[in-house]
């Protein structure tokens, strides 16, 4: 079980390209074409499965939105921040 982070902790700890929306941390990644986004979503899914902490992923035509929250805790925890950091480090994607 992970502890909820305070608002200040969330803002201080999430990666730069991520932002908070209510009880979730969110980032939208942009791509040149649809299949690159689909491939990225698969990578995120593989990371999530390995860590057993699964995001909501929305695939658009040239963008993929990734959202993390800890439903069982009712908000954002250090596990969500850790997952965002893993996605950033493994994505190799520049904004």
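When you scan the stretch 20-35, how many residues do you find that are touching a strand residue (DSSP E or B) at 6+ places or on another chain (Cβ under 9 Å) and over 14 Å from residue 80 (Cβ atoms)?
The qualifying residues number 5.
Would you mind stating whether residue 24 is over 16 Å from the mean Cα position of the chain (by Cα), farther than 15 Å from residue 92 by Cα and touching a residue at least 40 places away in the same chain (Cβ under 8 Å)?
It is false that residue 24 is over 16 Å from the mean Cα position of the chain (by Cα), farther than 15 Å from residue 92 by Cα and touching a residue at least 40 places away in the same chain (Cβ under 8 Å).
Given the structure, is residue 17 closer than 14 Å to residue 91 by Cβ, surrounded by 13 or more Cβ atoms within 10 Å (Cβ to Cβ), touching a residue at least 60 places away in the same chain (Cβ under 8 Å) and in contact with a strand residue (DSSP E or B) (Cβ under 7 Å, 6 or more places away or on another chain)? Let's see the steps before the verdict.
Values: closer than 14 Å to residue 91 by Cβ: yes; surrounded by 13 or more Cβ atoms within 10 Å (Cβ to Cβ): yes; touching a residue at least 60 places away in the same chain (Cβ under 8 Å): yes; in contact with a strand residue (DSSP E or B) (Cβ under 7 Å, 6 or more places away or on another chain): yes.
Against the criterion (closer than 14 Å to residue 91 by Cβ, surrounded by 13 or more Cβ atoms within 10 Å (Cβ to Cβ), touching a residue at least 60 places away in the same chain (Cβ under 8 Å) and in contact with a strand residue (DSSP E or B) (Cβ under 7 Å, 6 or more places away or on another chain)), residue 17 qualifies.
If you go through the stretch 21-35 one residue at a time, how many are over 17 Å from residue 53 (Cα atoms) and surrounded by 15 or more Cβ atoms within 10 Å (Cβ to Cβ)? Steps first, answer last, please.
Here is the first cut: in the stretch 21-35, the ones over 17 Å from residue 53 (Cα atoms) are 21-22, 28-35.
Subsequent filtering for residues that are surrounded by 15 or more Cβ atoms within 10 Å (Cβ to Cβ) retains 28-29, 31.
So the count comes out to 3.
Are any residues in the stretch 42-57 under 12 Å from the mean Cα position of the chain (by Cα) and loosely packed, with under 12 Cβ neighbours inside 10 Å, and if so, which ones?
The one that is under 12 Å from the mean Cα position of the chain (by Cα) and loosely packed, with under 12 Cβ neighbours inside 10 Å: 56.
Of everything in the stretch 60-88, what is surrounded by 12 or more Cβ atoms within 10 Å (Cβ to Cβ), out of contact with any strand residue (DSSP E or B) (no Cβ under 8 Å at 6 or more places or on another chain) and without any contact (Cβ under 8 Å) to a residue 40 or more places away in the chain? Give them in sequence order.
Once the filter is applied, which keeps residues that are surrounded by 12 or more Cβ atoms within 10 Å (Cβ to Cβ), out of contact with any strand residue (DSSP E or B) (no Cβ under 8 Å at 6 or more places or on another chain) and without any contact (Cβ under 8 Å) to a residue 40 or more places away in the chain, the stretch 60-88 yields 60, 82, 86.
Each value in this text was obtained by applying a stated rule to the coordinates, not by laboratory testing. Here the structure is a predicted model, which is why all the values come from computation and not from measurement. Cβ coordinates were reconstructed from backbone atoms using ideal geometry, including for glycine residues, and neighbour counts include every protein chain displayed.
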